[in-house]
Amino acid sequence: MVGAAVWFFVGLAAGIIFFYPPVLFVLGFIALIKGIMRAG
C-alpha cells in the first residue's frame, strides 16, 4: 500500500498519472481489512 502511494505521488509530481497504483492501493486496503476481520 505504501509503495503504491509513493509510486502514485512520485508520478503525479513528475506530471504523469498512473492508473495502476490507486488500484493496487485499494486492493491492498481490502486485503488489510479482510485480514483484520479474520483476526478479530
Q. Do you know which residues across the stretch 12-22 are at pLDDT 90 or above and either surrounded by 14 or more Cβ atoms within 10 Å (Cβ to Cβ) or part of a helix (DSSP H, G or I) (or both)?
A. 13
Q) So which pairs qualify, if the first residue must be in the stretch 27-40 and under 15 Å from residue 5 (Cβ atoms), the second must be among the small types (Gly, Ala, Ser) and surrounded by 10 or more Cβ atoms within 10 Å (Cβ to Cβ), the Cβ gap must be under 7 Å, and the two must be at least 6 apart or on different chains? A) 28/4
Q) Limited to the stretch 25-40, what total is found for residues that are modelled with pLDDT under 90 and not small (Gly, Ala, Ser)? A) 1
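The values are calculated or read from the model by the stated rules, or taken from the named source; none is laboratory data. Not measured: the values here are computed from a predicted model. Glycine gets a Cβ as well: all are built from the backbone with ideal geometry, and neighbour counts include every protein chain shown.
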